[in-house]
Amino acid sequence: MKYFAVITALAATCLAQNIVINIPAANSTVSPGQWVTVEVDKPGAQSPSTEVALVLSMAPCPSVGCTDPSYNPSNQLGQILYNGPYNPQYHPETGVGKPQYQNFSIEVPTSFTSGENIALIATHINLIGAGPEPALQVLFVPLTVV
Ligand SMILES: *[C@@H]1O[C@H](CO)[C@@H](O)[C@H](O)[C@H]1NC(C)=O
Ligand SMILES: *[C@@H]1O[C@H](CO)[C@@H](O)[C@H](O)[C@H]1NC(C)=O
């Protein structure tokens with residue numbers, strides 16, 4: 001626990017080199033057993049950073065909902081659907097105007113049921129700057145199971 005508190009504090013000081021989940025959009029609907037494309041973007045590359053790892057997971061929202069400010073996805077990552085390298089690249093064709101990104105295909109767990117609100121959670125670890133400084137970022141988009 002202590003270890004994670006330190007890493008989280010470090011991450012808070014490193015605002016650059018963060019990722020965003022561009023697809024699916026917040027409040028998209030997904031079905032149990034469906035394969036969905038998750039596009040993880042890395043906008044802005046001002047300072048050098050080295051990617052370490054990415055974890056994609058899905059967890060049920062608490063009863064207050066995932067959009068409640070009290071919700072912290074770090075408390076429960078839920079079912080791990082991808083755990084491996086993150087290697088964002090520019091889109092193959094030019095002129096698309098997208099930042100570096102990588103697509104992942106993950107399967108929505110069949111244990112989720114229709115009507116359930118869930119979070120798609122991305123946990124991102126990289127090394128920033130010349131130090132380098134380690135950064136842990138945990139972000140999510142809320143989804144609805146139909
Ligand atoms: C998603 O739904 C929540 C709760 O209804 C709402 O606050 C939020 O603005 C919605 N976000 C988008 C991108 O539609
Ligand atoms: C990644 O997925 C998005 C959304 O489906 C698509 O527009 C894009 O072309 C894909 N990129 C690659 C390299 O397959």
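The values are calculated or read from the model by the stated rules, or taken from the named source; none is laboratory data. Here the structure is a predicted model, which is why all the values come from computation and not from measurement. Cβ atoms come from the backbone with ideal geometry, glycine included; neighbour counts cover every protein chain shown.
Table for the structure above
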| quantity | calculated |
| --- | --- |
| Checklist (1) under 21 Å from Lys42 (Cα atoms); (2) out of contact with any strand residue (DSSP E or B) (no Cβ under 9 Å at 6 or more places or on another chain); (3) modelled with pLDDT of 95 or more applied to Gly97, failing item | (3) |
| Matching option when the condition is of a type in the set (A, V, I, L, M), more than 11 Å from the chain's Cα centre (by Cα), part of a strand (DSSP E or B) and surrounded by 15 or more Cβ atoms within 10 Å (Cβ to Cβ), among Ala135, Ala119 | Ala135 |
| Meets criteria (of a type outside the set (A, V, I, L, M, F, W, C) and surrounded by 16 or more Cβ atoms within 10 Å (Cβ to Cβ)) for Asn103 | no |
| Residue in the stretch 56-70 that is farthest from ligand 1 (Cβ to nearest atom), counting only those that are closer than 21 Å to His124 by Cβ and part of a loop (DSSP other than H, G, I, E, B) | Cys61 |
| Residues within the stretch 85-113 that are in contact (Cβ under 8 Å) with a residue 40 or more places away in the chain and either part of a loop (DSSP other than H, G, I, E, B) or more than 21 Å from Pro48 (Cα to Cα) (or both), tallied | 15 |
| Qualifying residues in the stretch 23-38 (those that are away from ligand 1 (no atom under 13 Å from the Cβ) and touching a strand residue (DSSP E or B) at 6+ places or on another chain (Cβ under 6 Å)) - the one nearest to Thr144 (Cα to Cα) | Val30 |
| Filter result (modelled with pLDDT under 50 and either surrounded by fewer than 16 Cβ atoms within 10 Å (Cβ to Cβ) or within 16 Å of ligand 1 (Cβ to nearest atom) (or both)) within the stretch 8-18 | Thr8, Ala9, Leu10, Ala12, Thr13, Leu15 |
| Top-ranked residue in the stretch 19-77 [being within 23 Å of Ile128 (Cβ to Cβ) and among the charged types (D, E, K, R); ranked as surrounded by the fewest Cβ atoms within 10 Å (Cβ to Cβ)] | Glu39 |
